[in-house]
Amino acid sequence: MCFVSKKLYTAFPFVVILFLLTSWPIYGKTEANLASAYKDYFSIGVALSKTDTQSEAVRRMVLDNFDSVTHEFAMKWSQVEVKQGIYDFSHIDSFVALNAGADKRIIGHTLVWHKANPDWLFKQEAIKPTAARDFYLDKLKTYIFTMMGRYRGKIYGWDVVNEAFNYDGSFRKSPWLDTIGEDYIEKAFEFAHQADPNAELYYNDYGLVNSKKQTAVAALVQRLKVKGIPIHAIGIQGHYSLTYPDLTKLDETIQRFAKLGVKVMITELDVSVLPFPGQEERGEDALISAERFTELNPYSEQLPDKIQQQHTNRYRDLFCVFLKHKNTVSRVTFWGLTDSRSWRNNWPLEGRTDYPLLYDRNLQPKPIVAELINLASSYKSACNPVRVYKE
Ligand code: XIL
């Protein structure tokens, strides 16, 4: 008896080590949790793709580091109302159930956009032009009530309207603008508030460091407020690079929006390391000849350490700006989790190898994850304003 327990006693440390080795997760677990490190400042979210949501390894990473999730594609109208009046909610239902169960704030993206509308929606030949406004107002209302009604109390906030303005401040070309007119945005917010009075409602766009675009968005917020239609936040998309945007401009943009009495969210953060063909400031799609592809895809094998370091610094500097405005910024959402699945590999040019996110192609956290966690407790001294606001 005594012999057996002695044997067990000596073997105990080895059993513990063996247990730790076999139960150690295969994903790269970080020391601490990003979302909990930032919990006193703002929520930390991530956008997931369909493939992501089917991966257990990804799920563990989400559980570890984020308190909010967005689906990057499944909630767009073309994915939901597959035929007129025929909805496919199956994927969203499981996404919502899984994340609600894990206590994540779910963000709906997006109700009204000039893109990703179902093919049938704007091919209504029987509708006379004079009847178009009423017809599409009705469609908009029905869709918003259907989506928001189904997920009432489960989806925390919605990007109600996405990308509605041009850089000169005019209304962007959109079938919604063509059929309903300029007040389609106001109507969408009105319907959204009626459909779920407790949901947060957001206007979301890119390139908001541009002052004319900012003015258009500020005017929209004021119009909504005057009419008593709620809008809770402006989503700054945050598709950035090592040099864009100028951090001083970003700082001023957040300040300007804060004065409107709405929150600001960094909704689609990614930092590309690749040259930007086309006009980065304008976020235009690139039209590039095939011969230039190699030049524009310089890190197809791997990312040099020097660039990796610049990427880390850039994320840190951006977070310094967000932390400076922690009373205004209520959420920062990364647009994807791992480099391999980032949309930046295909935009503004298709088929490149980019490195814009927090996790590498082997699902391992990059050094920036630990850096950002440290920054949460050290930002007061680490975010030296001279360093942060100098380009
Ligand atoms: C992108 C998704 O990331 C891709 O998976 C999809 O194929 C196209 O859309 N601005 C937006 C997002 O508001 O909806 C876009 O997401 C990226 C640009």
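The values are calculated or read from the model by the stated rules, or taken from the named source; none is laboratory data. What you see is a predicted model, and the numbers here were worked out from it, not measured in a lab. Reconstructed Cβ throughout: ideal geometry from the backbone, glycine too, with neighbour counts over all protein chains shown.
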For this session: Look through Arg344, Arg352 and report the one residue that is of a type in the set (Lys, Arg), touching a residue at least 12 places away in the same chain (Cβ under 8 Å), under 29 Å from Gln302 (Cβ atoms) and assigned to a helix (DSSP H, G or I).
Result: Arg344
Exercise. So which residues in segment 98-121 are within 19 Å of Gly45 (Cα to Cα), more than 16 Å from the ligand (Cβ to nearest atom) and not charged (D, E, K, R)?
Worked result: Leu98, Asn99, Ala100, Gly101, Ala102
Problem set entry | Number of the exception - Gln124 against (1) over 30 Å from Gln214 (Cα atoms); (2) assigned to a loop (DSSP other than H, G, I, E, B); (3) within 16 Å of the ligand (Cβ to nearest atom); (4) not charged (D, E, K, R) | (3)
Problem set entry | Phe95 being more than 22 Å from Ile185 (Cα to Cα), surrounded by 12 or more Cβ atoms within 10 Å (Cβ to Cβ) and within 16 Å of the ligand (Cβ to nearest atom) | yes
Seminar exercise, completed: Among Phe135, Phe89, the single one that is under 30 Å from Val62 (Cβ atoms) and in contact (Cβ under 8 Å) with a residue 12 or more places away in the chain is Phe89
Seminar exercise, completed: Of the residues in segment 72-91, those that are within 16 Å of the ligand (Cβ to nearest atom), over 17 Å from the mean Cα position of the chain (by Cα) and either modelled with pLDDT under 95 or of a type in the set (A, V, I, L, M, F, W, C) (or both) come to Trp77, Val80
Exercise. Could you say whether any residue in segment 324-346 is at pLDDT below 95 and surrounded by fewer than 18 Cβ atoms within 10 Å (Cβ to Cβ)?
Worked result: yes
For this session: Restricting attention to segment 65-86, report how many residues are farther than 28 Å from Val369 by Cβ and either surrounded by 15 or more Cβ atoms within 10 Å (Cβ to Cβ) or β-branched (Val, Ile, Thr) (or both).
Result: 8
Exercise. For residues in segment 143-175 being of a type outside the set (Phe, Trp, Tyr) and more than 25 Å from Val69 (Cα to Cα), which is surrounded by the most Cβ atoms within 10 Å (Cβ to Cβ)?
Worked result: Ser174
Seminar exercise, completed: Expected output for segment 258-277 (first residue farther than 26 Å from Val69 by Cβ, partner outside any strand (DSSP E or B) and within 13 Å of the ligand (Cβ to nearest atom), Cβ below 6 Å, 6+ apart or cross-chain) is Leu274/Asp354
Problem set entry | Residues of segment 144-181 classified as away from the ligand (no atom under 15 Å from the Cβ) and at positive phi, total | 3
Problem set entry | Breaking point among (1) surrounded by fewer than 22 Cβ atoms within 10 Å (Cβ to Cβ); (2) touching a residue at least 40 places away in the same chain (Cβ under 8 Å); (3) aliphatic (A, V, I, L, M); (4) within 12 Å of Val161 (Cβ to Cβ), for Val209 | (4)
For this session: Could you tell me whether segment 42-60 includes any residue that is within 14 Å of the ligand (Cβ to nearest atom), surrounded by fewer than 23 Cβ atoms within 10 Å (Cβ to Cβ) and not in a helix (DSSP H, G or I)?
Result: yes
Problem set entry | Every pair of residues 6+ apart whose Cβ atoms lie under 9 Å, when the first sits in segment 110-124 and is among the aromatic types (Phe, Trp, Tyr) and at pLDDT 95 or above while the second is part of a loop (DSSP other than H, G, I, E, B) and within 15 Å of the ligand (Cβ to nearest atom) | Trp113/Lys76; Trp113/Glu163; Trp113/Ala164; Trp113/Ser174
